[in-house]
Amino acid sequence: MSFQEEVKALKKRGDIVLVAHNYQIGPIQDAADYVGDSFGLAKKVTELDVENVVFCGVDFMAESALILNPEKTVIHPEPKARCPMAAMVDIGELRAFKRRNPDTAVVSYVNTNVETKAESHVCCTSSNAVKVVKSLEEHKVLFLPDRNLGDYIKRFVKDKEITLWEGYCGTHDNISVKSITELKDRYPDAEVLVHPECIPDVVDMADFVGSTAGMLKRAVESHAKRLIIGTEVDMGHRMRKEAPQKEFYFPGDPFCQNMKKITTHKVLRSLKELQPVVKIDRDLMERARKPLERMMDIGRGI
Ligand code: 13P
Ligand code: SF4
């Protein structure tokens, strides 16, 4: 039996849905019921009437799915698949900052672990970060953990004092001006799409900046035949599937090794055993849900 057939057969046995982030390897994306960006998937899970969710992505994504769906069982095929940027927040340091700066609102990117979310006023994603920060009453803001996304927000929010945490995503931080320039020299008509986790000089070169879901939408809708994509290389699987007539080029083939710790073998094991289950302390989960809900209220304009 092929991997796809095995997944289908295992899903038939129970009340199970398989979801995968856009950076998962092609076969896992193809086997998934839903593929999307980090927050979009967590939100999607809230709409599903299902008991078991096998979440193929990194730790904070599976955690967010559970935080928003505490009545469901969220299974993460490889708990060691962790986002190093989310781990760049030292909780003791954050608490000390809050004690020193009681008038500062803490805004955390969804790429944070549950302890950080529990200490935050509001969360944001790469697609709504500017809107969330603009909506705050507080003049002083601490944005964490991504200094590059923070820099991107600062371009649009001039009337607030924004302090940036010194975190970054190695995969995106390494995408260089040189690698994009080389592709642009070869394909001058190509449109450049980048994730806001890229460095400011790379963002300056972009025709479009957005989350993985935003980039996919733009890739499909764009009139350009060739596109240079500044994000993880397996995003290309989805783009080539949805826009087969276009050509996609990834400068330096950015790779997130943490995402790839989820393998087809581990997905099958999780579907069979419904393990490993994501567990979060109830009180911590309640506290972490508030900033996520606040973000969704801002999205709805409440
Ligand atoms: P998205 O929320 O845009 O999918 O990004 C998640 C991520 O980990 C980017 O590196
Ligand atoms: Fe984390 Fe970067 Fe990997 Fe995204 S690409 S999961 S931010 S390490």
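The values are calculated or read from the model by the stated rules, or taken from the named source; none is laboratory data. Owing to the predicted nature of the structure, the values given are computational and were not obtained by experimental measurement. Counting neighbours? That spans all protein chains shown, and the Cβs are built from the backbone with ideal geometry, glycine included.
Quick look at the values:
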| read-out | value |
| --- | --- |
| Tabulated pairs, region 100-115, first surrounded by 24 or more Cβ atoms within 10 Å (Cβ to Cβ), second of a type in the set (Asp, Glu) and not in a helix (DSSP H, G or I), C-beta under 7 angstrom, 6+ apart or interchain | 109/146; 111/146 |
| Residue in region 18-32 that is nearest to ligand 1 (Cβ to nearest atom), counting only those that are part of a loop (DSSP other than H, G, I, E, B) and farther than 19 Å from residue 127 by Cα | 24 |
| All positions within region 49-69 that are in contact with a Lys or Arg (Cβ under 8 Å, 6 or more places away or on another chain), outside any helix (DSSP H, G or I) and farther than 22 Å from residue 239 by Cβ | 50, 51, 52, 53 |
| Residue 40 among the small types (Gly, Ala, Ser) and either assigned to a loop (DSSP other than H, G, I, E, B) or touching a helix residue (DSSP H, G or I) at 6+ places or on another chain (Cβ under 8 Å) (or both) | yes |
| Qualifying positions in region 244-266 - over 22 Å from residue 4 (Cβ atoms) and either in contact (Cβ under 8 Å) with a residue 24 or more places away in the chain or over 20 Å from the mean Cα position of the chain (by Cα) (or both) | 245, 246, 247, 248, 249, 251, 252, 254, 255, 256, 258 |
| Contacts under 7 angstrom Cβ, first residue in region 185-214 being touching a residue at least 40 places away in the same chain (Cβ under 8 Å), partner away from ligand 1 (no atom under 14 Å from the Cβ) and charged (D, E, K, R), 6 or more apart | 187/226; 190/184; 190/226; 200/151 |
| Residue in region 185-205 that is out of contact with any helix residue (DSSP H, G or I) (no Cβ under 9 Å at 6 or more places or on another chain) and either closer than 29 Å to residue 292 by Cβ or not in a loop (DSSP other than H, G, I, E, B) (or both) present | yes |
| Scan of region 283-302 for residues that are touching a residue at least 12 places away in the same chain (Cβ under 8 Å) and among the charged types (D, E, K, R), ordered by number | 287, 289, 294 |
| Test: residue in region 163-178 that is away from ligand 1 (no atom under 16 Å from the Cβ), part of a helix (DSSP H, G or I), in contact (Cβ under 8 Å) with a residue 60 or more places away in the chain and more than 21 Å from the chain's Cα centre (by Cα) | no |
| All helices (runs of 4 or more DSSP H) inside region 76-138 with 3 or more residues being touching a helix residue (DSSP H, G or I) at 6+ places or on another chain (Cβ under 8 Å) and within 27 Å of residue 208 (Cβ to Cβ) | 129-135 |
| Residue satisfying condition, being within 16 Å of ligand 2 (Cβ to nearest atom) and of a type outside the set (S, T, N, Q), within set 209, 220 | 209 |
| Residues located in region 11-47, provided they are away from ligand 2 (no atom under 16 Å from the Cβ) and either among the small types (Gly, Ala, Ser) or at pLDDT 95 or above (or both) | 14, 16, 17, 18, 26, 27, 30, 31, 32, 33, 34 |
| Among the residues listed as 122, 141, 133, the single one being touching a residue at least 40 places away in the same chain (Cβ under 8 Å), surrounded by 22 or more Cβ atoms within 10 Å (Cβ to Cβ) and among the aliphatic types (A, V, I, L, M) | 122 |
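Results for (1) surrounded by fewer than 17 Cβ atoms within 10 Å (Cβ to Cβ); (2) of a type outside the set (Gly, Ala, Ser); (3) touching a Phe, Trp or Tyr at 6+ places or on another chain (Cβ under 7 Å), shown as yes or no for each residue.
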residue	(1), (2), (3)
181	yes, yes, no
189	yes, yes, no
194	no, yes, no
236	no, no, yes
242	yes, yes, no
255	yes, yes, no
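Matching residues to (1) within 16 Å of ligand 1 (Cβ to nearest atom); (2) buried (at least 24 other Cβ atoms within 10 Å of the Cβ):
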{"site": "8", "(1), (2)": "no, no"}
{"site": "12", "(1), (2)": "no, no"}
{"site": "34", "(1), (2)": "yes, no"}
{"site": "66", "(1), (2)": "no, yes"}
